[in-house]
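Since the structure comes first, as structure tokens, the remarks are kept for the end.
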Amino acid sequence: MEVLAVDPASPDETAIRRAADVLRRGGLVAFPTETVYGLGAHALDPAAVARIYEAKGRPTFNPLIVHVASAAAAKTLARTWPEAAARLAERFWPGPLTLVVPRRPEVPDAVTAGLDSVAVRVPAHPVALALLRASGIPVAAPSANRSTRVSPTTARHVVRALGNRVDLVLDGGPTDVGIESTVVDVTSDPPEVLRPGAISSAMLAEALGRDVVMAPRSSGSKAARRSPGMLARHYAPSAKVRLVWPDDAVAVRSAIEEVSAQGRRSGALLRTMMDLPVSHLERLPHDPAAYARRLYAALHALDEAGVEVAFIERVPDEPAWAAVRDRLERAAR
Ligand code: TXA
Ligand code: MG
């Protein structure tokens, strides 16, 4: 495994060409996007895609997002391009939005997990875009973490999680958005949000001129069957996570004492709460976007500190917090 540092704003051409070569030859390249780091492989090469599943320990029923440099390139992977796709791509690409569209047969089953749809995205990060343009191929890329664990927002997180399972890591510094893209299924009517992200339901509705629906999260739901990656524990640190209300400080303190009495390391991730008697404390900003940017680094820090039980302050039950709330609830499962 090799790590190449690149300027996130204007990446060095030689480094990008090297990475593009690795991808074209069927290798794995981890690269920064504006959301999180991705683990990329040639999307039209089933053997290369199989290496992604192996490196991540990802169940093969969980499909991948294909990254391309433009909406025109995305269309070449789609059997049809619904009106909703056209509007959303026009408004939000390049950006943290993934569209699920009907798939063309050329897209391997290895990418779509055999579904009749494919997820496509044009990322906004200069390094990701340069890599996609230089390689000239569609790049399948899940987040560059082991399956169910916390996504990486720095190259160091990638190296820690995947090590020699990846051929090359492009280090473009910490990512900006910090949580994964919004995933919208435009094959259903009305369009359905399968995963909330920085592009909110209100922003989608505004661009479409109509409301979108949130996919139900219960395991038996149609959406869950269509997007198996939405299920179960996910985005989780090694620690057992307990979500706590700021108002419950007294009960939380006694829960922490219990953990300590058992000789286990406790940690906390706080936003408004003043303090807790834990072995490792992380503070996050009040603003939802700033919180999202720093959340995964804080969860990685809990892991690195050997925390066994993490107390995470719940965030407000407001639309601006929907994406963060989703990640916290999954981490706590
Ligand atoms: O921000 C992101 O989207 C990052 C960066 C690297 O682009 N990627 C990412 O990929 O988060 P991953 O594999 O961790 O999450 C992809 C999600 C999964 O939940 C998967 O189930 C869903 O997208 N997905 C992929 N293809 C799908 C399809 N055809 N239909 C429904 N859901 C799909
Ligand atoms: Mg992921």
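The values are calculated or read from the model by the stated rules, or taken from the named source; none is laboratory data. A quick note: this is a predicted structure, and the numbers were derived from the prediction, not measured. In this analysis, Cβ positions are derived from the backbone assuming ideal geometry, glycine residues included, and neighbour counts consider all displayed protein chains. Surface areas here come from the heavy atoms of the whole protein model, side chains and all, with no ligands, DNA or RNA. Shrake-Rupley method; radii C 1.70, N 1.55, O 1.52, S 1.80 Å.
Figures for the structure shown
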{"item": "Surface accessible to a 1.4 Å probe, residue 242 within the full protein complex, Å²", "result": "80 Å²"}
{"item": "Computed over region 92-156, Cα set: Rg, Dmax in Å", "result": "13.2, 37"}
{"item": "Which of 93, 321 is most accessible, then next, and so on - probe 1.4 Å", "result": "93, 321"}
{"item": "Portion, in percent, of the accessible area of the chain that falls on carbon or sulfur, probe 1.4 Å", "result": "52 percent"}
{"item": "Per-pair calculated FRET efficiency, R0 = 51 Å: residue 257 and residue 116 via Cβ, rounded to 0.05", "result": "0.45"}
{"item": "Spin-label model distance (nm) - residue 25 vs residue 86, 7 Å beyond Cα toward Cβ", "result": "4.3 nm"}
{"item": "Per-residue HN-Hα couplings for region 41-50 [Karplus 6.51, -1.76, 1.60; θ = phi - 60°; Hz; x = Gly/Pro]", "result": "8, 4, 5, 9, 10, x, 5, 5, 5, 4"}
{"item": "Extension gain from residue 79 to residue 160, taking 0.36 nm per residue of separation minus the Cα-Cα distance", "result": "25.3 nm"}
{"item": "Pair residue 9, residue 240: separation of 7 Å Cα→Cβ label points (nm)", "result": "4.7 nm"}
{"item": "In Å², nearest 10: area of residue 203 left accessible to a 1.4 Å probe", "result": "80 Å²"}
{"item": "Theoretical gain in end-to-end length, residue 72 to residue 104 [0.36 nm per residue, Cα-Cα removed]", "result": "10.1 nm"}
{"item": "Relative contact order (percent, whole number), the chain, Cα cutoff 8 Å, 6+ residue spacing", "result": "19 percent"}
{"item": "Surface accessible to a 1.4 Å probe, residue 90 within the full protein complex, Å²", "result": "150 Å²"}
{"item": "Solvent-free Debye scattering, log10 I(q)/I(0), computed from the Cα coordinates of the chain at q = 0.06, 0.11 Å⁻¹", "result": "-0.20, -0.68"}
{"item": "Per residue accessible area in Å² of the chain, where ligands, DNA and RNA are left out and the probe is 1.4 Å", "result": "41 Å²"}
